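Enquirer: Please read through the structure below; I'll follow up with questions.
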Amino acid sequence: MAEEQNPPQLNPATRAEVESVPPRKARKTRGRKTEPRPSQSSQAMLATSTKGRRYSESEKAEKLRQIEAQIADGTTLKAAVKNASISEQNYYQWKRAAPMAKRSQANVAAGIETLADLVKLEAENQRFRGLLAEKFLAENTELRQRLGLD
């Protein structure tokens with residue numbers, strides 16, 4: 001306990017070293033950035049990236065035909081899509097949507113979508129319903145006579 005109350009005596013050389021160590025300076029806080037600055041690489045990306053554009057259905061079909069022709073010639077899909085200046089994702093989305101457009105064009109070509117054809121089909125449908133009703137009525141009458149219910 002005596003040692004705790006009395007600190008150990010230092011020799012003069014050690015005491016001089018301890019006293020000569022300068023106290024630490026207080027560190028200044030950094031100020032907040034007033035305006036965030038984009039890095040040079042992101043500035044370069046912004047300069048090279050372009051805003052996407054919308055293609056019409058005919059342009060999409062033309063791009064798909066162009067890509068399919070290049071693939072048939074032996075070009076890789078990635079190279080063909082790059083030559084067409086679209087992304088692979090657009091290619092697959094357009095390719096998936098193309099069969100639906102072809103189906104709707106086939107319906108129009110068949111003439112089902114026109115109003116006159118729909119009116120004709122409706123009239124024919126009504127005629128068949130009448131014939132079917134007459135047939136069922138005749139059959140029902142015949143069965144009643146056989147059973148002796150009438």
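The values are calculated or read from the model by the stated rules, or taken from the named source; none is laboratory data. Computed from a predicted structure; not experimentally measured. Ideal geometry is used to build each Cβ from the backbone, glycine not excepted, and the neighbour counts take in all protein chains shown.
Enquirer: Looking at ASN107, ASN90 in this structure, which one is of a type in the set (S, T, N, Q), surrounded by 13 or more Cβ atoms within 10 Å (Cβ to Cβ) and either in a helix (DSSP H, G or I) or at pLDDT below 90 (or both)? Quick ask: steps written out before the conclusion?
Expert: Numbers: ASN107 fails: surrounded by 13 or more Cβ atoms within 10 Å (Cβ to Cβ).
It is ASN90.
Enquirer: Being modelled with pLDDT under 90 and of a type in the set (D, E, K, R): is that true of GLU57 here?
Expert: Yes: the conditions hold for GLU57.
Enquirer: A further question follows. Only one of LYS135, LYS82 is surrounded by 12 or more Cβ atoms within 10 Å (Cβ to Cβ) and either among the basic types (Lys, Arg) or at pLDDT below 90 (or both). Can you tell me which?
Expert: None of the others qualify; the one that does is LYS82.
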